[in-house]
1. Pop the C-beta distance of residue 41 and residue 182 into the FRET formula with R0 = 45 Å and round what comes out to the nearest 0.05.
2. Can you order the peptides 296-307, 66-77 by their average number of other Cβ atoms within 10 Å per residue, highest first?
3. Under 20 Å Cα to Cα from residue 67, which lysines show up? Leave out anything in the same chain fewer than 8 places away.
4. Which order do you get for 217, 222 if you rank them by accessible area with a 1.4 Å probe, largest at the top?
5. Given labels modelled 7 Å from the Cα in the Cβ direction, how far is it in nm from residue 301 to residue 257?
6. Return a whole-number percent for the relative contact order of the chain, with Cα pairs under 8 Å and 6 or more residues apart as the contact set.
7. Could you compute the FRET efficiency for residue 73 and residue 100, with r as their C-beta to C-beta distance and R0 at 30 Å, rounded to 0.05?
8. If a helix is a whole DSSP H run, which ones in the chain reach 27 Å or further along their own axis (Cα) and hold a mean Kyte-Doolittle hydropathy of at least -1.0?
Amino acid sequence: MKSKEYFSLKFEDGKFIFLEQTKLPLEENYIETEDYNRVAEAIERLEVRGAPAIGIAAAYGLALSLKNSPKDKVKENFFTAYQRLKQTRPTAVNLFTALDDVKKVFEALGSYENAYEKILNKAVEIHNDDITKCGKIGENGLAVFKKKSTVLTHCNTGKLATGGDGTAFNVIKTGFENNLVDFVYADETRPLLQGSRLTAFELERTGIPFAFQTDSMAAVLMQQNKIDLVVVGADRIALNGDTANKVGTYNLAVLCNFHNVPFYVAAPTTTIDRNTPTGNEIVIEHRGKHELNTFNGVLVAPESYETFSPAFDVTPSHLITGIITEEQINIFPYNFIR
Ligand code: MRU
């Protein structure tokens with residue numbers, strides 16, 4: 001019998017422990033490491049994924065780079081780890097914000113005495129802050145339910161993707177706990193199946209009734225009036241509200257617009273990129289062809305075929321009904337402050 005409890009990541013007894021999400025839901029395997037390079041690999045391989053979770057993992061990675069470091073190597077070790085972690089994934093702004101927040105603390109250290117402990121404290125602070133923000137996003141999100149609703153979501157935004165109970169997922173979960181959500185349709189989320197593998201896992205563990213469907217089936221659901229609203233997460237939100245999220249999100253926003261279904265984004269304010277005016281400036285990660293031309297490790301299309309595989313798309317802000325943060329629900333037109 002599987003235990004109901006699970007977590008995406010934690011730091012305990014000097015080790016970073018994470019759930020290997022690539023194996024879910026068939027295997028629930030936790031990996032422990034004291035090596036920041038292994039943390040970087042976990043982010044690259046999507047063993048740890050989801051914008052807030054990536055930021056938290058990277059912050060813990062920086063702390064690990066100082067564990068057992070000789071005093072004369074502290075600075076070198078910190079900046080080598082900083083550069084390594086920064087290269088892991090380009091789109092989720094939480095990664096860069098967390099790394100830079102920790103770097104500020106490092107640069108303000110008077111001496112390297114207890115540098116590991118001080119940097120670890122900052123990483124824990126970033127983690128705790130996300131837990132609090134997830135809780136508030138869930139509470140603020142209650143206002144989007146005008147009646148008991150059937151919700152559609154895309155990708156994975158729950159405990160697995162954050163330090164707390166999730167963003168869009170926590171809006172759904174809090175709605176369910178308040179008798180405002182009766183059913184969830186989870187997009188499978190091609191090609192890495194964050195919906196059918198991870199969101200379905202979280203919905204099951206949370207006891208929320210659900211079905212999953214391939215991304216292209218969402219249109220039928222809306223045509224048949226089965227969806228009351230869509231809630232998704234975000235990897236980076238520009239100052240004008242344009243939002244980068246898992247590829248397929250933009251399709252949903254267009255569908256919602258056509259079918260007159262409210263389309264909400266839920267994210268902590270740490271996902272708002274204060275240096276990015278519009279979605280045009282957001283760097284989109286492109287993934288390798290093996291994620292499209294293989295299925296379960298088996299080649300399904302010739303290696304010679306080219307592929308096009310952006311990991312994220314950008315939804316223009318005018319298609320977003322509201323952006324739910326830990327502070328409030330923001331309504332179009334968005335004008336986040338620099
Ligand atoms: O490539 P992934 O799995 O890291 O992409 C994750 C998403 O797109 C999520 O929707 C987003 O990070 C929000 S997580 C709360």
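The values are calculated or read from the model by the stated rules, or taken from the named source; none is laboratory data. Remember, it's a predicted structure, so these values are computed and weren't measured experimentally. Every residue, glycine among them, receives a Cβ derived from its backbone with ideal geometry; neighbour counts consider all protein chains shown. Calculation scope for accessible area: heavy atoms of the full protein, side chains included, ligands and nucleic acids excluded. Shrake-Rupley method; radii C 1.70, N 1.55, O 1.52, S 1.80 Å.
1. Numbers: r = 41 Å, r/R0 = 0.90.
About 0.65, to the nearest 0.05.
2. On the way: 296-307: 8.5, 66-77: 14.6.
Order by mean packing, descending: 66-77, 296-307.
3. Partners within reach: 10, 15, 75, 86, 103, 104, 118, 122.
4. Working: 217 90, 222 5 Å².
Result of the area sort, largest leading: 217, 222.
5. That separation, rounded to one decimal, is 2.6 nm.
6. Values: 701 pairs, mean separation 54.0, N = 338.
Computed over the chain, the figure is 16 percent.
7. Working: r = 22 Å, r/R0 = 0.73.
Calculated transfer efficiency: 0.85.
8. Working: long enough: 115-141 (39 Å, -0.66).
Helix filter hits for the chain: 115-141.
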